[in-house]
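A.B. asks: My questions all concern the structure below.
The values are calculated or read from the model by the stated rules, or taken from the named source; none is laboratory data. All figures in this text were calculated on a predicted structure; none of them were measured in a lab. When we count neighbours, we look across all protein chains shown, and the Cβ atoms used for this are built from the backbone with ideal geometry, even at glycine.
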Amino acid sequence: MQLQTSSSTERIRIRLCLVSIDNRKSYNTLLIPDLHKQQLLHFVYKYVHHSALLPEAFINSRYCIFNDEIHNYNTRTKTDLHLYYLSSFAGLHTTRHEAAVLWNELPHSPAA
């Protein structure tokens with residue numbers, strides 16, 4: 001493949017991208033955004049089921065709160081993680097919010 005770019009740094013960047021794509025395929029790994037999602041879900045799983053494995057800062061905090069801990073109403077989303085009202089666009093990209101959104105998107109019961 002012949003690269004038609006103007007500078008040597010652009011050619012180097014393109015080659016690095018091509019090599020990383022080839023390595024991802026050969027090592028059977030996930031893309032970076034998918035790895036990020038996996039790590040967020042892994043964190044929430046540990047928080048919910050094995051909180052003793054997390055650093056002390058998370059053990060006694062209320063970092064992830066379920067809706068049934070906020071109110072006593074019997075709603076469809078009582079088993080979901082609580083999503084706080086965010087007044088800024090930056091708040092949508094916090095670890096707490098992204099992890100809660102991903103966790104809430106998971107099916108509530110295992111697929112048969």
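A.B. asks: Quick check on this structure: which one of 93, 50, 71 is within 19 Å of the chain's Cα centre (by Cα) and modelled with pLDDT under 85? Steps first, please.
C.D. replies: On the way: 50 fails: modelled with pLDDT under 85; 71 fails: within 19 Å of the chain's Cα centre (by Cα).
After applying the criteria, what remains is 93.
A.B. asks: Among the residues of the stretch 71-112, write down those that are of a type in the set (A, V, I, L, M) and in a loop (DSSP other than H, G, I, E, B).
C.D. replies: Passing the criteria: 83, 86, 106, 111, 112.
A.B. asks: Test each condition in (1) surrounded by 10 or more Cβ atoms within 10 Å (Cβ to Cβ); (2) out of contact with any Lys or Arg (no Cβ under 8 Å at 6 or more places or on another chain) for residue 62 and report the one that comes out false.
C.D. replies: (1)
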